[in-house]
Amino acid sequence: MTTTDFNSPVHVQPALLTPAEVSEILQVPTRTLERWRTERRGPRFGRFGRHVRYRRVDVDAYISAACGDGFDLWMAS
């Protein structure tokens, strides 16, 4: 399994992410993402045939909504 360093300044973040990439970002198992999709929870996603993809902007919005304003203050300290 390869890991992607999404915080690396050299790495260009893709517009579409795989469930494995989102799993790594959110630090939850891919099975949790599967369950969230069936429960209509978690970040917005799209299907391209059989393939599930997440837009990076939707994952970021999900993180912001889940953490609220306190997350930004915590990260700054």
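The values are calculated or read from the model by the stated rules, or taken from the named source; none is laboratory data. Note that this is a predicted model, so its numbers are computed, not measured. Quick reminder, even Gly has a Cβ in these numbers, built from the backbone with ideal geometry, and neighbours come from all protein chains shown.
Annotations for the structure displayed:
- Any chance ALA61 is under 13 Å from the mean Cα position of the chain (by Cα), surrounded by fewer than 13 Cβ atoms within 10 Å (Cβ to Cβ) and modelled with pLDDT under 95: no
- Among (1) at pLDDT 95 or above; (2) in contact with a strand residue (DSSP E or B) (Cβ under 9 Å, 6 or more places away or on another chain); (3) loosely packed, with under 15 Cβ neighbours inside 10 Å, the one test that ALA15 misses: (1)
- When residues in the range 38-48 are screened for being more than 21 Å from CYS67 (Cβ to Cβ) and at pLDDT 95 or above, 3 of them pass.
- Pairs where the first residue, in the range 45-60, is in a strand (DSSP E or B) and the second is among the small types (Gly, Ala, Ser), C-beta under 7 Å, 6+ apart: ARG53/GLY46; ARG55/ALA15
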